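Here is the structure we will look at.
The values are calculated or read from the model by the stated rules, or taken from the named source; none is laboratory data. No experiment lies behind these values; they were computed from the predicted model shown. Because the Cβ atoms are built from the backbone with ideal geometry, glycine has one as well, and the counts that use them run over all protein chains shown. Heavy atoms of the whole protein, side chains included, go into the accessibility calculation; ligands, DNA and RNA do not. Shrake-Rupley method; radii C 1.70, N 1.55, O 1.52, S 1.80 Å.
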Amino acid sequence: MGAYEVNGTVAEHDEEGYLTDIGVWNTDLADMIAKAENIDMSDAHWEVVNFLREYYEEYQIAPAVRILVKEMTKKFGKEKGDQKALYALFPYGPAKQACKIAGLPKPTGCV
Amino acid sequence: MLTTAFALSFYTAALVLAGGLGYRIWLYASTPAPLKIPTTPAPLTHSGVAARMFREVVFFQSLFNANKWIWLFGWIFHMALALVVLRHLRYFLQPVPEILVLVQPFGELAGFAMVAGLIALWARRLIVPRIRYISGPSDHLMLALLVAIGISGLTMTYVAHTDIVAVKGFFLGLMYFNWQPLPSDPVLLVHLGLVAALMIIFPFSKLLHAPGVFFSPTRNQADDSREHRYVGSARLEAMSRKA
Amino acid sequence: MAAATSTFKPMDHVHGDPLEIPELACGAMAGSKPYVAAPGQQEALGFPGELVENWQEKAINRLGELVDNSRALRVFLDSCVKCGACTDKCHYFLGTGDPKNMPVARQDLLRKVYRRYFTWSGKYVPWLVGAQDLTKDVLDDWYSHFHQCSQCRRCSVYCPYGIDTAEISMAARDIMDTVGLGQKYSNEIIGKVFNIGNNLGLPAKALKATLAGLEEDVEEETGVPVRFPLDEKGADILLVTPSADFFASPHMEGLIGYAKVMHEAGVSWTFSSYASEAANFGMFVGSQENMQKVAQRIHKAAEELGVKRLVFGECGHAWRVAYSFLDTLAGPFDFLDQNYPIPQHICEFTNDLIDQGKLRFDKSRNDAIRLTFHDSCNVARASRMGDKPGGQFEIPRAILRATCNHFYDMAADTIHEHTLCCGGGGGLLTDELMDVRLKGAQPRMRALQQVAEDHGVTHMAAICAICKAQFSKVLPQYGFDMESIVSVHQMVSNAIILTGSIQEQDYEAARLSVLQEV
Ligand code: SF4
Ligand code: SF4
């Protein structure tokens, strides 16, 4: 397994790049993970990431895509808030890729 | 000397075949089938299962759906073999039942069909890359053995006749423990030697598919798990109660 | 990741005969391996944390135990005649050309070891019968190729002896788990079921919030207060569904469909947070102990909630476990109302209501959709719906025809019991296996391409959480829209006319105007 290194701190991750300890997350780390995923973090990206972290804080799990879509629609209106728009932000899937950047565990199951 | 050697080999072969097969069948029957796993759509009743099994064993239904060439050659070989075996019963029965007399001419033709079917299957084994890939030495040897048995038999029928009355005397003698001399024609000896070998190999080889098909849970179970609670293994059942 | 390094270009392969037989490509998929389970994930399931020192001896012992306890395994290992009928039946072989993905060759990976240690011929003349010692190379081959089998049973349909490679794969995975070499994806998930109650790890609080959100959504859409009850004691029906239905799309749209049907039927029902998972990965890893433990959660939940009926949502292997194994593993269910099937599939439930004329649909609401149906392996070949063999094919299609005007089946040799796996079943639905998933989907994608060309089909419905997730990943790679995979009950949800709903007013108005014209 490897680790990310930002500003002198080392953050371990699993085979797929998800942080093993979600407590070590910070925004610099997020930027770095995003870069590894070929994602340039825009405001919209941050909205998603921040929402994921808030939701996780409360429910100990990432939100369903539908819930995320609803939230983003509230924030950005219908065009920018649908599932397709989310996939445009996070091509490998809003749940999985955005969770990685947000430092959350990967949601696995039949998804 | 020759007679004794062949008599002893056939006793051994018969014992190994019966004992080996009996043991295997006992193993299959006594091994638990913990869960219901019929390949569906499956019959809902036991008589339906019997019909499914009949279609599998007599018509090779699944094989027919899978691959028409393998089905054709395989089916010809097996049906011909069945006729040939029937025909050979006359060496063990005195008097010969009427029905066997009727089978005779078909049995002779079947000899050719059997060898032809085997050779076609063998050709596929050599030519089709997928089947060549999965074939091992024993698969080729098994075909060689069966082809050799077939050809030596046909040779005696059509080329180098043997004293079949004496052959029958030999086998009846074996059955009644009153040994009679075996003619010493080389072709006959090859034929009989290979048959004895086949009998010995049977319980240790893929020929176990013969009893196996009847015990295959995907084919012999009825699809009735919602109608009747299925309990196939004491171990699972004990764990179920514990919980 | 595997997907990134693969040179496979799905778009170049989407046209052609779905069942076209590829040339042999020896070793092509030898590198495909899922992540190994971490010690903690192993131990939670009662397996050693990592590969034990005497793994070889332990593996052979375990194989012996399994053979002694499974007639299927014993008969299958003995009976194969190498006829070759199954060689072109596996979608992973069709998609990869790797000969070790031919069902018989996959079986032989285990059979050669069985022969070596458990048969007379393998002990004394191993070279003759292809018997081999269990070496580290063999173990590696197992780990790779028994994780390229989705346990779909397509091969067992065609084998003259019904040899089911799924049973062999399950046994091999059980042996690997027993010596400490488990698969991360499946074992981590089973652990989540034990700890939290479902594959995804959705805690009760999250479930509650999600369901409350759906109640809002549906009321907003229809004007009807459709409920999504959780843990309600005394409800008549316990609905057990894959947790993906609470999380992913198009799964959740199907879940909304279940709730609307339950509402319109006027029954009292509930989900359970303790048994918030229909799936049972214990089956995938071949561990009867773990499968039984997962299954017993459903019994316990049903008993504690005091329900009378048990209904399962759309999930393929879950329905196999429910239909074929549940009563054996976790029964008897004598406390349930015996007048209903135990368990019942949500499709049976909905179809019965349709037959009784209790549901109204406005099919035109699905007019933008030209639909086909993907038979999921475990429903098609390992279970049944209704009271006739093959009901599992007819009932979902009957629902789709009742809810959609444009329905077309794919080619006959790719549906019903001949159906082709989505490519992600049997514990392979994990990102590091994306390469084999993509290739394994090729036959199905070609069949879909054909109906798309012949009938303008735009969408494909399925009744399996894994199929839905796999298709939403692979469809775009093959040039289809990601959202062209739909749930069967999503179609129901789109078309159903709830009593007192906004849609009912439109529907009645339209009917009136038609009547007046006549
Ligand atoms: S069960 Fe399915 S995936 Fe496994 S070998 Fe058979 S056809 Fe292939
Ligand atoms: S179809 Fe059955 S008997 Fe024939 S090679 Fe395949 S597994 Fe063996």
Calculated [θ] (222 nm, deg cm²/dmol) that DSSP helices of n ≥ 4 give over the protein assembly as shown, each run adding -39,500 (n - 2.57): -17000 deg cm²/dmol
All Cα pairs of segment C:324-427, percent lying beyond 18 Å: 59
If DNA, RNA and ligands are ignored and the probe is 1.4 Å, what is the ranking of C:Arg116, C:Arg446 by accessible area, most exposed first? C:Arg116, C:Arg446
Neighbouring partner chain Cβ atoms per residue of A:95-107, average, 10 Å criterion: 1
Can you flag which of A:Lys35/A:Lys75; A:Lys96/C:Lys89; A:Lys96/C:Lys33 are past 27 Å Cα-Cα? A:Lys96/C:Lys89
Given Cβ point charges of +1 (Lys, Arg) and -1 (Asp, Glu) and nothing else, what value in debye, to the nearest 20, does the dipole of chain B about its Cα centre take? 960
Once phi for every residue in segment C:447-462 is put through the Karplus expression 6.51 cos²θ - 1.76 cosθ + 1.60 (θ = phi - 60°), the whole-Hz ³J(HN,Hα) values, with Gly and Pro written as x, are 5, 5, 4, 4, 5, 5, 6, 6, 10, x, 5, 10, 9, 10, 9, 8
Tell me which of C:Phe47, C:Cys80, C:Ala28 sits at the most positive position along the dipole axis of segment C:12-189, charges placed on C-beta atoms (Lys, Arg +1; Asp, Glu -1). C:Cys80
Report, by chain and number, residues whose modeled amide H sits under 5 Å from the one on C:Val486, excluding near sequence neighbours (fewer than 5 apart, same chain). C:Met460, C:Ala461, C:Ala462
Tally up the carbon and sulfur contribution to the accessible surface of the protein assembly as shown as a whole percent, 1.4 Å probe, everything protein left in place. 59
Note to self: Kirkwood Rh of the protein assembly as shown, Cα pairs, one decimal, Å, is 29.4
Student exercise, segment A:2-101 dipole from Lys, Arg, Asp, Glu Cβ charges, in Debye to nearest 20: 660
Averaging over all projection directions, find the projected area of the Cα convex hull of chain A and quote it in nm² with one decimal place. 6.8
Residue-ordered couplings for segment B:151-158, obtained by feeding phi - 60° into the Karplus form 6.51 cos²θ - 1.76 cosθ + 1.60 and rounding to whole Hz (Gly and Pro as x), are 5, 5, x, 4, 4, 5, 6, 10
Need the list of lysines near B:Lys36 for cross-linking: C-alpha distance under 19 angstrom, and skip anything on the same chain fewer than eight residues off. C:Lys293, C:Lys388
Under the rule a/c < 1.5 gives rounded, and otherwise a/b versus b/c splits prolate from oblate, where does segment A:34-83 land using the Cα gyration tensor? oblate
For chain C, which cysteines have no second Cys with its Cβ under 4.7 Å from theirs? C:Cys26, C:Cys80, C:Cys83, C:Cys90, C:Cys149, C:Cys159, C:Cys315, C:Cys347, C:Cys404
For peptide C:279-289, the mean count of other chain Cβ atoms within 10 Å per residue Cβ is 1
Of C:Arg227, C:Arg381, which has the most accessible area with a 1.4 Å probe, and how do the rest follow in descending order? C:Arg227, C:Arg381
Under 1.5 on a/c is rounded, so check that first for segment C:12-189, then, if it is not, pick prolate when a/b is larger than b/c and oblate when it is not; a ≥ b ≥ c are the square roots of the alpha carbon gyration tensor eigenvalues. oblate
Please give the total accessible area that chains A and C bury against each other, computed with a 1.4 Å probe and expressed in Å² to the nearest 100. 2800
For peptide C:301-313, how many partner chain Cβ atoms fall within 10 Å of a residue's Cβ, on average? 0
Report, in whole Å, the centroid distance computed from the Cα atoms of segment C:236-251 and segment C:22-74. 31
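What does the charge dipole of the protein assembly as shown about its Cα centre add up to, to the nearest 20 debye, if the Cβ of each Lys and Arg holds +1 and the Cβ of each Asp and Glu holds -1?
2980
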Protection proxy ranking, peptides A:91-103, B:54-66, average beta carbon neighbours within 10 Å, highest first: A:91-103, B:54-66
Compute the convex hull volume of the Cα atoms of chain C, divide it by the residue count, and report the result per residue in Å³ as a whole number. 145
Heavy atoms of A:Val24: accessible area, 1.4 Å probe, square angstrom to 10: 60
Just to be sure I understand the curve: with the Debye formula and one point per C-alpha of segment B:79-208, what is log10 I(q)/I(0) at q = 0.10, 0.19, 0.21 Å⁻¹? -0.37, -1.20, -1.37
Quick check for you: with a 1.4 Å probe and neighbouring chains kept, what is the accessible area per residue of the protein assembly as shown, in Å²? 39
For the B and C pair, go ahead and give the buried accessible area with a 1.4 Å probe, both sides summed, in Å² to 100. 5600
Can you pull the Rg over Rh of segment A:1-63, Cα-only, Kirkwood? 0.96
Heavy atoms only, 1.4 Å probe, whole protein assembly: order B:Glu108, C:Glu20 by accessible area, highest first. C:Glu20, B:Glu108
